[in-house]
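Reading through the structure tokens given below for one structure.
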Amino acid sequence: MKTFIIYVNRTLIKHKAFTLPKEITKKWTGSKKGIFEINEKVYYISVSGKHADNILDLNTTYQAFQGSINEELLYELKKIFCHTVMTLEDPSIEAEPEYLEVEFSYISSEVVRFRVIRQKTVMNAYTRYFNKLAERNEIALSTKHDRDLKHLVNYSSPWIHISELSNHTGVKKCIYMWVDMDKKYIYVGKADDLVKRIMQHQDSCMEYDKCIAKYGDTFNITHFRYDIVAPIIANDMLEALEMHSIRTIAQLLPNRSTGKNELNGIINHSGWMQINNKYSYH
């Protein structure tokens, strides 16, 4: 196996390409398929010559080969190497080198493998803030990536205890769930501002009559989770994703608006109930 360095630069970020070392490709005569592994994720790329696709005389013809990455991998790289992304957008920021150390191997004569074994990133207050903005939907890392709908969700949280709600201030444009573990209630909704929306639920239950009228019972939120929707589609699709999530849960659990699940009790749901009072758009 051989290792080489892929520098994170304009060619990689803007043109979605990187050049392979000549010592690896000197016997190649044509294009290959590639598998790119990074952070336990696998992406499929193409590897081809920069000029003629086929080389007839390896002794006299110099051919440089490059890997061409797709939008999905580009999106991942932008999240990791945000310092380079920032310097490409703003030349006034002093650039520091970022790169990938890659282990190269053959899977077959037509398929090659690139496995990232080390990442050199620049981490400081600015890059951490950049990552937080991207995570919270304040900036979009790839508009084409979002328009192609390959990633509806930028980030999915685990279940979080309600006591930690204030730690998630700033989370916007998301689909969220909360549960009452004692009464076995689950609620699904959409939020322009996560913390503000969940606090509205809590406040609404402070008035007994209003809570009964809206939800059918009182509740005490114990845990919550959320999925941050890609910013380019959030404005147009947030409500549709909310309703899709509500209807999906309603396939399994009784829903307050219908009194039953879609399988009409076939599934043993152990007393859990979805308490959304809206089941569809109509």
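The values are calculated or read from the model by the stated rules, or taken from the named source; none is laboratory data. Note that the structure is a prediction, hence the values are computed from the model and not measured. As a convention, Cβ positions derive from the backbone with ideal geometry for all residues, glycine included, and neighbour counts pool all protein chains shown.
Descriptive notes on the structure:
- From the options S92, S68, residue that is modelled with pLDDT under 90 and in the same structural domain as I13 (by TED's automatic domain parsing): S92
- Of the residues making up the stretch 69-121, those that are surrounded by fewer than 15 Cβ atoms within 10 Å (Cβ to Cβ) and touching a strand residue (DSSP E or B) at 6+ places or on another chain (Cβ under 7 Å) are P97, E101, S105, Y106, I107, E110, V111, I117, R118, K120.
- Neighbours by Cβ (under 8 Å, 6+ apart or cross-chain): first from the stretch 200-219, farther than 19 Å from K190 by Cβ and modelled with pLDDT of 85 or more; second in a helix (DSSP H, G or I) and β-branched (V, I, T): T218/I212
- Only one of A191, A234 that is at pLDDT below 80, closer than 27 Å to E76 by Cβ and either crowded, with 19+ Cβ neighbours inside 10 Å or touching a strand residue (DSSP E or B) at 6+ places or on another chain (Cβ under 8 Å) (or both): A234
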